[in-house]
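One structure is given here, and the rest of the page talks about it.
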Amino acid sequence: MSFMIDETGQRILRLIDVHKDQIIAFAEDIAAHPEPGYEEFRTAGKTAEVLKNLGYKVTEHLARTGVKGTKSIKEGPSLTVIGELDAIGCHSHPNANPVTGVAHACGHHAQMAAMIGCAIAMADPDVQKCLAGTVNFLAVPAEEYIDADKRARLKKEGIEFCCGKSEMIRTGVFDDTDIALTTHVHMVPVEEDFYLGNPACNGYSAERVTVRGKAAHGAIDPWNGVNALSITTSAIQMMGLMRETFREEDHVRLHNVIRKAGDVINSVPDEAIVETKVRAASLDKICEITDMVNRAYAGSAYAFGGKIEMEKLQGYMPIIPRAADNALIEAADDLGLNYRTVQKGDFNNACTDVGDLSHLVPVVNFTFKGFEGKLHGADFKITDPEKAYILPAKLLALTVYKLLKNGGQEAKKITKSYTPVFNKESYIQYVKNTIE
């Protein structure tokens, strides 16, 4: 089915085309200056500058580096278009920052370009005349995993929750959001250029485990020691043997990184530190597998005569899947895009803090091509700026227009049909319960 683009829709597309070079330059500048989560100061500054120049009311330093540009047009639904500021740790990427080792190997700079392109179109007075509601453009920090040591440092600075969207929920940044709009480069195998809707997605829990042993000379009297590395190795082996009990439909994934395993090679290691991450498709399954992992640690410590100290770390919630909304499909048809929609059974084994947001507000989402290589890999790069930057900006902008025209009729349908799992207060309490 195809839809005729009305005059306002055509104006939106012309505005983005006129500013095409600016949008691409913005994306390439962000890609050339990658910054880690909660440290995206330069990226945030560039974003704030663009939004201010477009006439938005801009609020900075949200959840440390977040930026929000707002335009209240008239009474109606409030939409929040999201872009993610941070880069991913990937030392081997050719564009990695030589100091921090992070690179835009996950395409967040493409999201930011799409968000800015949409903001350019929505800033136009003639476009705004046709809208009812509020449009927010929100640049969010720290979508990628933050390790335990950095979380501890950030907590001393007032950042209580691990990721940008979660911290923004806690601090009230999303209080005025009725619908969130998100984008990403493709995260599931899709042949088409665009993938409309939000597929089911894993959530995760994490913990930092300190294994206590007893030091002894490694050659003279190792029998008087308790080897913390042996306890750790045994626990990880147990987790491996548990894998045959994981059902395919639960999408369980286990990850371990040994941060420390002793101090000197000729002494029995008396301390090991491990970060463990459990992914699964539901909150209940995450808790179940986490309990199994903890029994592996406890059992290994008991067998060797050591001790275990566990520090729970906040994870992400699974995404609540959402079919492609009518406004999104109509916008894709208007553009003549090559796309497919989310189907029952589609699944993304990765995790994102969009999952947390999907438990509180409806999330209108799409993903796109225009790149080659592996996500988070050294070979990831944008190969088609039109598909990766410009067409996503047009799709976002047309979707916002279709949601807010006619008095926000389509947006109101979405909010009316959505039932949240948490409100702000119950969400905060749930997260606190998982880390206490």
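Regarding residue 74, is this residue of a type in the set (D, E, K, R) and modelled with pLDDT under 95? So residue 74 passes the test. Hey, can you tell me all the residues within the range 345-358 that are under 21 Å from residue 161 (Cα atoms) and either over 21 Å from the mean Cα position of the chain (by Cα) or surrounded by fewer than 21 Cβ atoms within 10 Å (Cβ to Cβ) (or both)? Matches in the range 345-358: 350 only. Exactly one of these conditions fails for residue 133: (1) open to solvent by 10 Å² or more (accessible area, probe 1.4 Å); (2) in contact with a Pro (Cβ under 6 Å, 6 or more places away or on another chain); (3) closer than 23 Å to residue 411 by Cα. Give me its number. Only one criterion in (1) open to solvent by 10 Å² or more (accessible area, probe 1.4 Å); (2) in contact with a Pro (Cβ under 6 Å, 6 or more places away or on another chain); (3) closer than 23 Å to residue 411 by Cα is unmet by residue 133, namely (1). Residues of the range 321-344 that are touching a residue at least 12 places away in the same chain (Cβ under 8 Å), out of contact with any Leu (no Cβ under 9 Å at 6 or more places or on another chain), within 30 Å of residue 422 (Cα to Cα) and open to solvent by 60 Å² or more (accessible area, probe 1.4 Å): 321, 326.
Somewhere in the range 146-163, is a residue touching a Pro at 6+ places or on another chain (Cβ under 8 Å) and closer than 26 Å to residue 89 by Cα? Among the residues of the range 146-163, not one is touching a Pro at 6+ places or on another chain (Cβ under 8 Å) and closer than 26 Å to residue 89 by Cα, which makes the answer no.
Within the range 164-175, residues that are of a type in the set (Lys, Arg) and open to solvent by 10 Å² or more (accessible area, probe 1.4 Å) have Cβ atoms under 7 Å from residues that are modelled with pLDDT of 95 or more and part of a loop (DSSP other than H, G, I, E, B) in these pairs: 170/160; 170/161, counting only partners at least 6 apart in sequence or on another chain. Here residue 30 qualifies as under 13 Å from residue 139 (Cα atoms) and assigned to a helix (DSSP H, G or I).
Residues checked against (1) open to solvent by 50 Å² or more (accessible area, probe 1.4 Å); (2) of a type outside the set (Val, Ile, Thr):
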| position | (1), (2) |
| --- | --- |
| 268 | no, no |
| 288 | yes, yes |
| 291 | yes, yes |
| 294 | no, yes |
| 300 | no, yes |
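Residues that are within 13 Å of residue 307 (Cα to Cα) and not hydroxyl-bearing (Ser, Thr, Tyr) were ranked within the range 190-214; the one that is surrounded by the most Cβ atoms within 10 Å (Cβ to Cβ) is 211. Tallying residues that are closer than 16 Å to residue 205 by Cβ and exposed (fewer than 15 other Cβ atoms within 10 Å of the Cβ) within the range 416-435 yields 2. For the range 281-339, residues that are among the basic types (Lys, Arg) and touching an Asp or Glu at 6+ places or on another chain (Cβ under 7 Å) total 2.
Total residues in the range 380-401 satisfying the condition of being surrounded by fewer than 23 Cβ atoms within 10 Å (Cβ to Cβ) and among the basic types (Lys, Arg): the figure is 2. Is it the case that some residue within the range 117-129 is surrounded by fewer than 22 Cβ atoms within 10 Å (Cβ to Cβ) and within 15 Å of residue 315 (Cα to Cα)? No: zero hits. Taken over the range 256-292, the criterion of being in contact with a Leu (Cβ under 7 Å, 6 or more places away or on another chain) and at negative phi is satisfied by 261, 269, 272, 278. Looking only at the range 393-411, decide whether some residue is more than 20 Å from the chain's Cα centre (by Cα), closer than 29 Å to residue 283 by Cα and touching a residue at least 12 places away in the same chain (Cβ under 8 Å). Checking the range 393-411: at least one residue is more than 20 Å from the chain's Cα centre (by Cα), closer than 29 Å to residue 283 by Cα and touching a residue at least 12 places away in the same chain (Cβ under 8 Å).
Taking the numbered list (1) surrounded by 24 or more Cβ atoms within 10 Å (Cβ to Cβ); (2) within 17 Å of residue 114 (Cα to Cα); (3) over 17 Å from the mean Cα position of the chain (by Cα) in turn, residue 371 passes all entries but (1). For first residues located in the range 90-113 and on the phi > 0 side of the Ramachandran plot, partners that are assigned to a loop (DSSP other than H, G, I, E, B) and lie 6+ apart or on another chain with Cβ distances below 6 Å form the pairs 101/91.
The listed residues are 20, 57, 52, 74, and the only one of them that is charged (D, E, K, R) and either closer than 30 Å to residue 92 by Cβ or open to solvent by less than 80 Å² (accessible area, probe 1.4 Å) (or both) turns out to be 20.
Would you be able to say whether some residue in the range 36-58 is touching a residue at least 60 places away in the same chain (Cβ under 8 Å), part of a loop (DSSP other than H, G, I, E, B), under 22 Å from residue 372 (Cα atoms) and acidic (Asp, Glu)? Taking every residue of the range 36-58 in turn, none turns out to be touching a residue at least 60 places away in the same chain (Cβ under 8 Å), part of a loop (DSSP other than H, G, I, E, B), under 22 Å from residue 372 (Cα atoms) and acidic (Asp, Glu).
The values are calculated or read from the model by the stated rules, or taken from the named source; none is laboratory data. The model shown is predicted, which means the values in this text are computed figures rather than measured ones. Note that each Cβ is placed from the backbone with ideal geometry, even for glycine, and that neighbours are counted across all protein chains shown. Areas reflect the complete protein model, heavy atoms only, side chains present, ligands, DNA and RNA absent. Shrake-Rupley method; radii C 1.70, N 1.55, O 1.52, S 1.80 Å.
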